[in-house]
1. For Asp99, work out the one condition from (1) surrounded by 14 or more Cβ atoms within 10 Å (Cβ to Cβ); (2) at pLDDT below 80; (3) among the charged types (D, E, K, R); (4) within 27 Å of Leu9 (Cα to Cα) it doesn't fulfil.
2. Within the set of pairs 6 or more residues apart or between chains, which connect a residue that is free of Cβ contacts under 8 Å to residues at least 60 places away in the same chain inside the range 71-100 to a residue that is among the aliphatic types (A, V, I, L, M) with Cβ atoms less than 8 Å apart?
3. Tally the residues that are surrounded by 12 or more Cβ atoms within 10 Å (Cβ to Cβ) and modelled with pLDDT of 80 or more, restricting the search to the range 59-75.
4. Residues to consider are Leu23, Leu56; find the one that is more than 17 Å from the chain's Cα centre (by Cα) and either farther than 26 Å from Ala4 by Cβ or of a type in the set (S, T, N, Q) (or both).
5. All but one of (1) assigned to a helix (DSSP H, G or I); (2) at pLDDT below 80 hold for Val53; state the number of the condition that does not hold.
Amino acid sequence: MISARQIYLLGRNWYLLVTQPYLTVKQIKDSEDKSQIFLILLTAVSPVVVYVVARLVWDLIKYQRLLMLTGKVFLGMGMVQMIIFIYLGYWILMVIRKDK
């Protein structure tokens, strides 16, 4: 039951972060729900984590060793990661500023 609730809240928060980011960040901050804060931050980091794991598996399967070179996909993932952090950071700063 707890995991179903957390999954529901995470899905709702993802949707609301896109449609109403200020209100969503404020609600999460006011409720002090540490699990949702953790899940939202984990969501922000997940694109890079998924790419790195997939890259490790692919290199080991195809080349039987790890390659140190990165390509355009890594650059793209870095840009996606930066956009996510800037978006979340902006709205978090807006909520912090308004509360003072």
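1. The failed condition is (1).
2. From the range 71-100, the pairs are Met77/Val48; Gly78/Val48; Gln81/Ala44; Gln81/Val45; Gln81/Val48; Ile84/Ala44; Phe85/Ala44.
3. Residues in the range 59-75 being surrounded by 12 or more Cβ atoms within 10 Å (Cβ to Cβ) and modelled with pLDDT of 80 or more: 1 in total.
4. Among Leu23, Leu56, only Leu56 is more than 17 Å from the chain's Cα centre (by Cα) and either farther than 26 Å from Ala4 by Cβ or of a type in the set (S, T, N, Q) (or both).
5. (2)
Quick grid of which residues meet (1) within 17 Å of Trp91 (Cβ to Cβ); (2) surrounded by 15 or more Cβ atoms within 10 Å (Cβ to Cβ); (3) in contact with a Ser or Thr (Cβ under 9 Å, 6 or more places away or on another chain); (4) of a type in the set (Val, Ile, Thr):
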| residue | (1), (2), (3), (4) |
| --- | --- |
| Tyr8 | no, no, no, no |
| Leu17 | yes, yes, yes, no |
| Gln20 | yes, no, no, no |
| Leu23 | yes, no, no, no |
| Gln27 | yes, yes, no, no |
| Leu41 | yes, no, no, no |
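The values are calculated or read from the model by the stated rules, or taken from the named source; none is laboratory data. All values reported here derive from a predicted model rather than from experimental measurement. Counting neighbours? That spans all protein chains shown, and the Cβs are built from the backbone with ideal geometry, glycine included.
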